[in-house]
1. Condition first: touching a Phe, Trp or Tyr at 6+ places or on another chain (Cβ under 8 Å) and farther than 23 Å from residue 360 by Cβ. Can you find one or more residues in the range 56-70 that meet it?
2. Among the numbered conditions (1) within 24 Å of the chain's Cα centre (by Cα); (2) within 30 Å of residue 249 (Cα to Cα), tell me where residue 303 comes up short.
3. Is there a residue being of a type in the set (Asp, Glu), without any contact (Cβ under 8 Å) to a residue 24 or more places away in the chain and under 30 Å from residue 379 (Cα atoms) anywhere in the range 121-131?
4. Restrict the check to the range 360-383 and report whether at least one residue is surrounded by 15 or more Cβ atoms within 10 Å (Cβ to Cβ), at pLDDT below 95 and in contact with a strand residue (DSSP E or B) (Cβ under 6 Å, 6 or more places away or on another chain).
5. Can you find even one residue in the range 191-203 that is more than 21 Å from residue 49 (Cα to Cα), surrounded by 15 or more Cβ atoms within 10 Å (Cβ to Cβ), touching a strand residue (DSSP E or B) at 6+ places or on another chain (Cβ under 8 Å) and modelled with pLDDT under 95?
6. Name the residues in the range 445-458 that are surrounded by fewer than 18 Cβ atoms within 10 Å (Cβ to Cβ) and either in contact (Cβ under 8 Å) with a residue 40 or more places away in the chain or in a helix (DSSP H, G or I) (or both), would you?
7. So which of 78, 49 ends up being more than 30 Å from residue 382 (Cα to Cα) and of a type outside the set (Val, Ile, Thr)?
8. Would you confirm whether or not the range 423-443 contains a residue that is among the basic types (Lys, Arg) and either assigned to a loop (DSSP other than H, G, I, E, B) or more than 23 Å from residue 16 (Cα to Cα) (or both)?
Amino acid sequence: MKILMVYPEFPDTFWSFRHALKFIRKKSSSPPLGLITIAALLPYHWQVRLVDVNVQPLSEKQIAWADMVWISAMVVQRQSTHDIIKRCKRSGKIVVVGGPLFLEEWEQFPEVDHFILNEGELTLPDFIRDLANGNPKRLYQKTKYAELHESPLPRWELVNFRKYDSLSIQYSRGCPFDCDFCNITAMLGHRPRTKTASQIIAELDSMYAMGWRRNIFFVDDNFIGDKRQLKQEILPALIEWRKGKSGCSFSTQTSINLSDDPELMDMMVLAGFTQVFVGIETTNEVSLEECNKNQNRNRNLVESVHKMLEKGLQVMGGFIVGFDNDSQDVFDTQIDFIQRSGIVTAMVGMLQAIGGTRLHQRMENEGRILQNMSGDNADGTTNILPRMGMDVLKTGYSKIMTELYGLDKFYARIKTCLALYLPRSAPVHLTWDEIHAFLMSIWSLGIVGSERKQYWNLFAWVLRKFPKKLPLAITFTIYGYHFRTVNQNHGLV
């Protein structure tokens with residue numbers, strides 16, 4: 001059996017970093033971890049090839065080679081997925097799909113032959129068995145959750161490392177919290193299910209043995225869901241693994257209560273973590289109560305962010321406007337908070353209702369669902385009718401994006417971050433790609449860019465006050481270039 005695995009194209013989004021990646025001569029942020037994990041579950045004698053459309057075009061020759069084309073996709077990849085499926089069906093291929101896009105929308109893909117939904121460790125064996133018996137079904141679903149100690153080592157040999165800025169690893173699935181707009185618990189449950197330390201180390205060893213020396217992203221939706229295992233097993237193993245190794249650093253996603261645990265932050269930094277993404281959403285206590293984000297309530301959120309920065313963790317933040325309890329001053333409040341926090345990478349989006357969430361059910365019951373959500377958290381769209389009115393929300397949202405990524409506020413935020421951030425080691429590992437990015441930033445931002453004044457002012461300020469942080473400062477300026485370009489392409493500035 002010849003299996004062609006295809007990962008559809010991401011549009012130009014906040015998280016694509018498309019405009020920043022060209023500075024380091026990379027094509028995409030990270031390869032499709034889900035597909036190469038599924039590949040490891042297939043019979044050993046099957047031939048498998050991978051095409052990530054984000055780093056290489058999908059050719060007719062590649063499609064012709066395959067007996068089956070397997071596709072995994074997220075909601076934001078919807079359009080590219082439709083296009084790829086049509087091409088493959090025109091070529092007479094059997095199409096097998098899975099991933100978050102299809103959990104709520106599988107009926108909108110009538111051309112697909114087989115849907116392998118939910119967690120592949122559970123549903124894929126049933127499909128392979130039925131296929132061998134000559135009677136595969138169209139739809140495979142499970143309500144149970146897989147235990148991650150059964151998850152295989154991903155097939156990294158299918159990936160061209162040179163095309164990517166980061167590799168990915170998954171330690172856990174599930175989240176103990178219950179935010180009503182989030183579909184993680186609907187898909188993966190409340191009980192964090194985790195891999196063992198030996199599994200994590202085996203995956204890291206496989207990446208390192210293949211020459212990887214860059215960032216590794218732990219894709220867990222809440223890395224600290226099981227603090228006990230982290231402290232007793234995982235982080236000690238990571239700390240030991242890093243001894244005598246250079247180049248690799250870690251990033252992940254976590255809840256704000258990480259800031260309440262100095263020991264855990266210290267261990268994460270010692271293990272090599274340099275960045276965390278935190279869902280802050282809003283400073284409005286009533287809106288936090290509305291969406292059941294109780295872990296963020298009754299705390300000084302600016303202080304929580306600063307604690308993490310001072311421990312050596314750069315903080316990326318997610319924010320939402322458009323809750324039912326948001327008043328029209330929410331836009332200025334968000335801008336003020338983000339500036340004071342020093343969060344350079346601030347993803348702000350309008351509230352969207354994802355299929356399968358309690359928010360979506362509530363909006364549907366109230367007749368407020370307008371359309372399918374785009375899957376892009378920061379494109380200036382929403383699929384619900386907001387209480388404050390669509391025009392008010394869109395105008396306020398545009399104001400946030402214009403001000404946050406305007407040159408003066410963005411560069412001021414970089415200075416706030418760098419002044420607070422206390423890295424344990426060099427915040428950026430220098431390679432030829434980083435040197436190329438530095439030289440390109442001088443030309444693109446410091447010579448021909450509209451931000452020449454701010455760029456050189458930051459350059460001089462960092463050299464004078466925090467010279468060791470200069471590589472990170474330049475990285476942030478490149479991020480800013482990407483964010484502004486995306487905003488302009490979305491018509492937000």
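The values are calculated or read from the model by the stated rules, or taken from the named source; none is laboratory data. A quick note: this is a predicted structure, and the numbers were derived from the prediction, not measured. Here Cβ is always computed from backbone atoms with ideal geometry, including for glycine, and neighbour counts include all displayed protein chains.
1. We begin by selecting, within the range 56-70, every residue touching a Phe, Trp or Tyr at 6+ places or on another chain (Cβ under 8 Å); these are none.
Scanning the range 56-70 turns up no residue that is touching a Phe, Trp or Tyr at 6+ places or on another chain (Cβ under 8 Å) and farther than 23 Å from residue 360 by Cβ.
2. Here residue 303 clears every test but (1).
3. Looking only at the range 121-131, we keep the residues that are of a type in the set (Asp, Glu), and these are 121, 126, 130.
Now restrict to residues that are without any contact (Cβ under 8 Å) to a residue 24 or more places away in the chain: 126, 130.
From the residues that got through so far, the ones that are under 30 Å from residue 379 (Cα atoms) too are none.
Taking every residue of the range 121-131 in turn, none turns out to be of a type in the set (Asp, Glu), without any contact (Cβ under 8 Å) to a residue 24 or more places away in the chain and under 30 Å from residue 379 (Cα atoms).
4. There is at least one residue in the range 360-383 that is surrounded by 15 or more Cβ atoms within 10 Å (Cβ to Cβ), at pLDDT below 95 and in contact with a strand residue (DSSP E or B) (Cβ under 6 Å, 6 or more places away or on another chain).
5. Among the residues of the range 191-203, at least one is more than 21 Å from residue 49 (Cα to Cα), surrounded by 15 or more Cβ atoms within 10 Å (Cβ to Cβ), touching a strand residue (DSSP E or B) at 6+ places or on another chain (Cβ under 8 Å) and modelled with pLDDT under 95, which makes the answer yes.
6. Within the range 445-458, 450, 452, 453, 456, 457 meet the criteria.
7. Details: 78 fails: more than 30 Å from residue 382 (Cα to Cα).
None of the others qualify; the one that does is 49.
8. Going residue by residue through the range 423-443, those that are among the basic types (Lys, Arg) are 424.
Then keep just the ones that are either assigned to a loop (DSSP other than H, G, I, E, B) or more than 23 Å from residue 16 (Cα to Cα) (or both); that gives 424.
Within the range 423-443, one or more residues are among the basic types (Lys, Arg) and either assigned to a loop (DSSP other than H, G, I, E, B) or more than 23 Å from residue 16 (Cα to Cα) (or both).
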